[in-house]
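Reviewing the structure listed below.
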Amino acid sequence: MPVHYFYLIIAVAAETIGTTALQASQQFSRLGPSLIVLVAYAFSFYMMGLTLKYMPVGVVYAIWSGLGILLIAVIAFIVFGQKLDLPAVIGMLLIMSGIIVIHLFSKTSGH
């Protein structure tokens with residue numbers, strides 16, 4: 001796997017951790033989760049910055065945000081019991097379809 005995909009996967013994972021902690025922080029009223037939010041987001045943006053050495057910002061951001069949305073939706077369902085309706089699920093499948101199209105067919109995705 002090319003190094004830039006490793007950087008991007010780590011960036012997505014850190015962003016997902018940060019967003020999960022954001023929910024757990026209860027509007028930044030709990031210190032532990034609030035600190036996790038700050039550290040995780042900072043690390044995520046650092047790793048995304050490393051990815052930008054190899055891929056265009058639009059492609060990186062599309063993959064980073066799309067995968068983050070999907071992961072957060074799954075975590076929100078499992079951990080926080082938040083359910084999505086059918087239009088939300090369809091919309092997320094369309095986001096995933098866009099990520100797949102970029103990865104498989106775009107010459108700018110940094111294969």
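Looking only at the range 59-80, count how many residues are over 10 Å from T16 (Cα atoms) and open to solvent by 50 Å² or more (accessible area, probe 1.4 Å).
6
Scan the range 38-56 and give yes if some residue there is in contact with a His (Cβ under 7 Å, 6 or more places away or on another chain), at pLDDT 95 or above and open to solvent by less than 80 Å² (accessible area, probe 1.4 Å), otherwise no.
Yes, that holds for at least one residue.
The values are calculated or read from the model by the stated rules, or taken from the named source; none is laboratory data. The shown structure was predicted, so the numbers you read here are calculated from the model rather than taken from an experiment. Don't worry about glycine lacking a Cβ; one is built from the backbone with ideal geometry, like all the others, and counts go over all protein chains shown. Just the protein is used for accessible areas: all its heavy atoms, side chains included, with ligands, DNA and RNA removed. Shrake-Rupley method; radii C 1.70, N 1.55, O 1.52, S 1.80 Å.
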